[in-house]
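Novice: Encoded as structure tokens, here's the structure I'll be asking about.
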Amino acid sequence: MYLNRKIYLILILILAFQQLKGQPSSSNVSIQLDKLFGRLLKVNNDSVRLQVNDSIITIIDSYTGSDSIFSHRFNNLRFLGQITSPDSLIKIVTWNLFLKNQPGQYYCYLIKHQPESKSRKVYKLHADYDSTAIDRDISYSKDNWYGALYYDIRPQVINGTECWVLLGIDYGNPGIARKIIEILSFGKDDSIILGLKAFLSDDNVRFREVFEYSLTATMTLRFGGDDSIIFDHLVPFAPDNENDRRFYGPHYTNDAYVLENGIWKLHLNIDARNREIVKPPDYE
């Protein structure tokens with residue numbers, strides 16, 4: 001009986017989405033998605049949550065393959081992340097699924113617009129919650145993606161490489177939150193490459209930046225412009241908490257990465273009140 005109801009629900013959702021292609025309004029699909037995400041908040045059984053999530057995947061599969069993917073955005077969906085690059089070449093749709101008796105899961109649809117061929121390529125990424133640290137010294141691919149929710153994107157050309165800088169957040173560790181500065185590019189075979197050796201701090205050049213801090217804290221990480229990324233300076237709550245990221249939070253000062261000659265260089269104690277990064281007097 002439950003299975004029949006599930007199949008019926010999926011069919012209704014597919015039909016509603018098909019209407020989206022021919023109508024300027026997508027309110028029916030938005031309502032269905034909102035109901036499905038709302039149901040995820042109410043049910044505690046993992047198997048039911050996975051079934052509800054399967055219905056969400058069915059809708060997003062159709063949505064990301066539609067002609068309207070770059071021109072359309074679902075409004076008022078709190079739990080579905082949707083970002084489009086300013087150059088309209090990349091769109092990313094993400095969400096996460098919390099499970100009680102097994103690791104939670106991340107879902108990411110990355111859509112690349114290819115103007116030459118007037119086509120799109122859809123990449124589907126999936127990852128389980130992982131408590132281990134995200135490696136700052138390697139590149140990742142579609143097959144070993146660490147899992148995150150991306151909330152902002154900017155196009156860049158770094159040392160001749162066309163790429164997109166991503167800002168993301170990860171809740172895969174039960175004791176800490178992570179924010180990530182990532183660089184997306186594509187290989188000659190059009191494969192996804194996550195990571196570029198372009199972040200200079202402490203005399204080391206790394207593939208990405210990862211910030212770890214307390215789940216009770218709130219960290220700001222944002223673009224300050226096309227060539228700067230501003231974020232809260234993180235410190236331990238007390239001297240005894242040194243190096244224990246469960247007890248780190250903002251210090252009410254700002255640091256930044258600034259793109260200089262193809263390298264994102266770390267600047268400490270910057271003035272973020274103005275549009276342009278103002279370096280402190282003792283900057284060398």
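Novice: Taking residue 124 as meeting all but one of (1) surrounded by fewer than 17 Cβ atoms within 10 Å (Cβ to Cβ); (2) touching a residue at least 40 places away in the same chain (Cβ under 8 Å), write down the number of the exception.
Specialist: Checking residue 124 against (1) surrounded by fewer than 17 Cβ atoms within 10 Å (Cβ to Cβ); (2) touching a residue at least 40 places away in the same chain (Cβ under 8 Å), the one that fails is (2).
Novice: Restricting to the range 203-236, count the residues that are in a loop (DSSP other than H, G, I, E, B), in contact (Cβ under 8 Å) with a residue 24 or more places away in the chain and either touching a Pro at 6+ places or on another chain (Cβ under 7 Å) or of a type outside the set (Lys, Arg) (or both).
Specialist: Residues meeting the conditions: 9.
Novice: Report the residue count in the range 77-108 for those that are part of a loop (DSSP other than H, G, I, E, B) and either more than 22 Å from residue 32 (Cα to Cα) or under 18 Å from the mean Cα position of the chain (by Cα) (or both).
Specialist: Counting residues in the range 77-108 that are part of a loop (DSSP other than H, G, I, E, B) and either more than 22 Å from residue 32 (Cα to Cα) or under 18 Å from the mean Cα position of the chain (by Cα) (or both) gives 15.
Novice: Within the range 59-89, which residues are hydroxyl-bearing (Ser, Thr, Tyr), modelled with pLDDT of 95 or more and surrounded by fewer than 17 Cβ atoms within 10 Å (Cβ to Cβ)?
Specialist: 88, the sole residue that qualifies.
Novice: Out of the range 101-144, which residues are small (Gly, Ala, Ser) and within 30 Å of residue 202 (Cβ to Cβ)?
Specialist: Scanning the range 101-144 gives 127, 131, 133, 139, 141.
Novice: Scan 153, 111 and give me the residue that is outside any loop (DSSP other than H, G, I, E, B) and not assigned by TED's automatic domain parsing to the domain that holds residue 229.
Specialist: 111
Novice: I would also like to ask the following. So, in the range 170-185, exactly how many residues are closer than 14 Å to residue 130 by Cβ and either surrounded by fewer than 22 Cβ atoms within 10 Å (Cβ to Cβ) or modelled with pLDDT of 95 or more (or both)?
Specialist: The qualifying residues number 9.
The values are calculated or read from the model by the stated rules, or taken from the named source; none is laboratory data. This one's a predicted model, so the numbers in the text were calculated from it and none came from an experiment. Please note: Cβ atoms are built from the backbone with ideal geometry, for glycine as well, and neighbour counts cover all protein chains shown.
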